[in-house]
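The values are calculated or read from the model by the stated rules, or taken from the named source; none is laboratory data. In this text the structure is predicted, and so the values were computed from the model without any measurement. So basically every Cβ, Gly included, is an ideal-geometry build from the backbone, and we count neighbours across all protein chains shown.
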Amino acid sequence: MVPLSHYLALSVILFVLGAAGFIFRRNIITVFMCIELMLNAVNLAFMAFSRFLGNLDGQIFVFIVIVVAAAEAAVGLAIIIALHSNRESLNIEDVDAMKM
Amino acid sequence: MNLEILLLLMVLPPLAGAALNGILGRRFSQATVSLIGCGGPGLSMVFALLSAWIYSKSESQPAPFTYSYFTWIQAGQLRAEYALYYDRLTLIMTLTVTVVAFLIHLYSRGYMEHEGGYYRFFTYMNLFLFMMLTLVTAANYPLMFVGWEGVGLCSYLLIGFYFRKKSASDAGKKAFIVTRMGDAGFTVGVALLFWTFHSLDFQTVFQRVKDLPQGQFESVLTAVGLLLFLGAAGKSAQLPLYVWLPDAMEGPTPVSALIHAATMVTAGVYLVARSSIIFAHAPSALAVVGVVGCLTAFYAGTIALTQNDLKRMLAYSTISQLGYMFMGCGAGVFAAGIFHLMTHAFFKSLLFLAAGSVMHAMSGELDMRKMGGLWRKLKTTHATFLIATIAISGVPLVGAGFFSKDEILAGAYEGPLGSPFLYWLGTFTAALTAFYMFRGLCMTFYGKSHVEPETEHHLHESSYKMTIPLMVLAFFSVIAGWVSWPKAWHGSEAFDRYLDPVFGQATEALRNVSPVHVGDLGPGALMGFSILAAAIGIGVALWWYLKSTDIPEQLAERYADLYRILVHKYYVDEFYNWLIVRPLCIVSDKFLWRVVDEGAIDKVMVNGTAEGTANVGNVLRRIQSGNIPSYATWVLLGAVLWFLYIFAAHG
């Protein structure tokens, strides 16, 4: 049987990849996918803990996260489309209207 | 009817009048304002008479009647009730105040007719009457203080009635600030009283003081007495706080008559008389009262000699007469002081109202050098002014002032704390009084007319609205003295005996401290000297101002220095200006304004706060880059730090 530490290690790797992509990539869609990646890294950790601790709490959390992620995807993609139609660009550095 | 209801009915109508006129007066016609404005004082007078009657019939009298309506302040040991106090002293005070006030209100209808601010005037006057009645009927010091400050406020408002005139608004401020100094003494004195006796209720305090063995707590009581007298000196314009009263003449003349002659300024005398038992246990404080009163009487009398402004002369005369009242109280004959308070209220308000009538006829002119020979045109005014002058000068029999002043002078000689010094200076002042009053009378009404042709043309007697109150007051000015027929004429001094229940204990306590003072002069001789003083004063005045009218000028030339000092009122105003006002202005300007206000408050606190916020913001706004990846980095960094903290804290 694969030990818990393996799952957690994979989860950490995925999360760090997601975080790094989130910070360093410039394409909004990529950034968006990196967020999904981080969420799923956390999901993986939840599932692993749930399985190894033998209770269902983690799984319930995973459901919640999936639902939130789905909602976020819907809203986020809509925003990205609106953004693109307004600015003709998907570069995240062009979106700085909040700058003082 | 019950006395407690009558007392409320006496105190409250002027307040209702003030509220009605104050809130709605602008929309009322003059007739309505007059009706409300005079109706309140009229009702007060009626109920004052009724309560006097009921009280005199009641079985409990002469014991004081008190009734507590509700508790006003309850804090720790301090308990102040809205409670009214009625005894023979209150009876006299309320009757005098309401009668004079009602007559002056009636007079004001005529006087203020064309002055503008008609409803405002009556609002303030009614409010004043309410406060004055609160003052004299209060059953404890805090409530008395309410009335005390209330009359001060109304005095301020009414002195500055013509507030567009700079001198009037300045005079109002001066009166307010100078009397405030005295009030500080009053408050501290009352606090000291509470600290010593744990109560501020008249009955309780007086009872506790009375039960003290003579000499105990004397130092505290002396301090209390002196502090209360400081308050009295401020309100009643005694040395050294008298400077506001002459300037108070900027107000309309009925105000001068009611507030600055007949009622408010006598509040100090009332305070001393009411606290007589406290002063009786602090004879040295009482002696100070007597000496200050006597000196003030003399001092103000000398200033009045050279004044050419009719109202100002009357103002100094008022200060002088108030000095007499304090001298009476200070010598231990409180009843004589109150007696003079009552007679003075009648004849001095009459003098002022008659002066107002003259002023009315003269289109506002008050300089007596520009008058003369007015008796032909102003017959009623002249007759009443003459009666009042006779009353204040102390002409025997027909002048009310004669009886009361004579009693004070006799008391100053043989009273518990009397002394020849008080008596002789007082008698000399009586001569001065007679002189300056007849001087004023002659300059105004007799001799050659110096009236300017244009004013001469308008010269007219005032309407009946103004002359009827004058006549009533003249009537009182003649008869008011008869209530206390002097002993020297085999009288019984009924007024004094009437007030015996109020002052008896104080007088007795004083008699115990200082043995009966028997002078060389009998009552007949004392009276003889005071009549002689009046006769000399009147004679000289008539001689100088009717017969040989060039003598005063020659004297003024010969004693030019003395004359200049008197005309400039001993340069006291200038001295106070130099000693207090100028330093205050300099400190305010150079330090409080430039350093504290502009430097510390404006620069450091107000602008400093704004600048500091802006600077911090300038630094912090760099974080707000608008760059989403950098926000993400911050979030991540924060999360990492947070986890590190949690691990560090919980291992």
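For the reader, a short list of remarks on this structure follows.
- The residue that is nearest to B:N2 (Cα to Cα), counting only those in segment B:71-88 that are assigned to a strand (DSSP E or B) and among the polar types (S, T, N, Q), is B:T71.
- Residue within segment B:128-144 that is farther than 27 Å from B:S477 by Cβ, of a type in the set (A, V, I, L, M, F, W, C) and within 16 Å of the chain's Cα centre (by Cα) present: yes
- Checked against the criterion of being out of contact with any Ser or Thr (no Cβ under 6 Å at 6 or more places or on another chain) and crowded, with 24+ Cβ neighbours inside 10 Å, the candidates B:G364, B:G399 yield just one match: B:G399.
- Qualifying residue in segment B:328-342 (condition: more than 28 Å from B:S276 (Cβ to Cβ), in contact with a helix residue (DSSP H, G or I) (Cβ under 9 Å, 6 or more places away or on another chain) and assigned to a helix (DSSP H, G or I)): no
- Residues within segment B:628-642 that are exposed (fewer than 12 other Cβ atoms within 10 Å of the Cβ) and closer than 14 Å to A:F15 by Cβ, tallied: 2
- Options B:L579, B:L592, B:L644, B:L566: the member that is under 30 Å from B:G373 (Cβ atoms) and more than 14 Å from every other protein chain (Cβ to nearest Cβ): B:L566
- A:V31 passes every criterion in (1) part of a helix (DSSP H, G or I); (2) within 14 Å of chain B (Cβ to nearest Cβ); (3) free of Cβ contacts under 8 Å to residues at least 60 places away in the same chain apart from (3).
- Identity of the residue in segment A:28-57, of a type outside the set (A, V, I, L, M, F, W, C) and closer than 18 Å to A:L8 by Cα, that ends up surrounded by the most Cβ atoms within 10 Å (Cβ to Cβ): A:N43
- Those residues of segment B:487-534 which are within 15 Å of B:P396 (Cβ to Cβ), assigned to a helix (DSSP H, G or I) and modelled with pLDDT under 80, in sequence order: B:K487, B:A488, B:W489, B:P523
- Matching option when the condition is part of a helix (DSSP H, G or I) and either polar (S, T, N, Q) or surrounded by fewer than 22 Cβ atoms within 10 Å (Cβ to Cβ) (or both), among B:A63, B:A31: B:A31
- Going through (1) at pLDDT below 90; (2) under 18 Å from B:G323 (Cα atoms); (3) not hydroxyl-bearing (S, T, Y) one by one, B:F217 falls short only on (2).
- Test: B:A287 is closer than 28 Å to B:A355 by Cβ and in a helix (DSSP H, G or I): no
- Screening A:L53 with (1) at pLDDT 90 or above; (2) away from every other protein chain (no Cβ under 14 Å); (3) within 30 Å of B:Q624 (Cβ to Cβ) gives one miss only, at (3).
- The single condition among (1) within 14 Å of the chain's Cα centre (by Cα); (2) at pLDDT below 90 that B:Y316 does not meet is (2).
- With respect to being touching a helix residue (DSSP H, G or I) at 6+ places or on another chain (Cβ under 8 Å) and crowded, with 24+ Cβ neighbours inside 10 Å, B:L245 fits the description.
- In segment A:9-27, the residues that are surrounded by 15 or more Cβ atoms within 10 Å (Cβ to Cβ), aliphatic (A, V, I, L, M) and in contact (Cβ under 8 Å) with a residue 12 or more places away in the chain: A:L10, A:L14, A:A19
- Residue match in segment B:414-422 (condition: over 19 Å from B:A533 (Cα atoms), among the hydroxyl-bearing types (S, T, Y), surrounded by fewer than 24 Cβ atoms within 10 Å (Cβ to Cβ) and more than 23 Å from the chain's Cα centre (by Cα)): no
Conditions (1) over 30 Å from B:L305 (Cβ atoms); (2) exposed (fewer than 12 other Cβ atoms within 10 Å of the Cβ); (3) not acidic (D, E), marked per residue:
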residue	(1), (2), (3)
B:R558	no, yes, yes
B:D561	no, yes, no
B:L566	no, no, yes
B:K569	no, no, yes
B:N577	no, no, yes
B:V581	no, no, yes
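- Any hit, segment B:236-247, residues being among the aliphatic types (A, V, I, L, M) and without any contact (Cβ under 8 Å) to a residue 60 or more places away in the chain: no
- Test result for B:D211, surrounded by fewer than 24 Cβ atoms within 10 Å (Cβ to Cβ) and modelled with pLDDT under 90: yes
- If you go through segment B:605-627 and pick out every residue that is within 14 Å of another protein chain (Cβ to nearest Cβ) and surrounded by 12 or more Cβ atoms within 10 Å (Cβ to Cβ), you end up with 4.
- Helices (runs of 4 or more DSSP H) (entirely within segment B:543-611) containing at least 1 residues that are of a type in the set (F, W, Y) and either more than 30 Å from B:V178 (Cβ to Cβ) or under 35 Å from the mean Cα position of the chain (by Cα) (or both): B:560-567, B:572-576
- Test: residue in segment B:122-136 that is of a type outside the set (D, E, K, R), in contact (Cβ under 8 Å) with a residue 12 or more places away in the chain, touching a helix residue (DSSP H, G or I) at 6+ places or on another chain (Cβ under 9 Å) and farther than 30 Å from B:A31 by Cβ: yes
- Whether a residue is surrounded by fewer than 24 Cβ atoms within 10 Å (Cβ to Cβ), out of contact with any Leu (no Cβ under 7 Å at 6 or more places or on another chain) and free of Cβ contacts under 8 Å to residues at least 12 places away in the same chain was assessed, and B:G110 does not pass this test.
- Scanning segment A:80-99 for residues that are loosely packed, with under 12 Cβ neighbours inside 10 Å and away from every other protein chain (no Cβ under 12 Å) gives A:I81, A:A82, A:S85, A:N86, A:E88.
- In this entry, B:L546 passes the filter for residues that are surrounded by 11 or more Cβ atoms within 10 Å (Cβ to Cβ) and in contact (Cβ under 8 Å) with a residue 24 or more places away in the chain.
- Checking each residue in segment A:15-33 for being in contact with a helix residue (DSSP H, G or I) (Cβ under 7 Å, 6 or more places away or on another chain), among the aliphatic types (A, V, I, L, M) and within 21 Å of B:G638 (Cβ to Cβ) picks out A:L17, A:A19, A:I23, A:V31.
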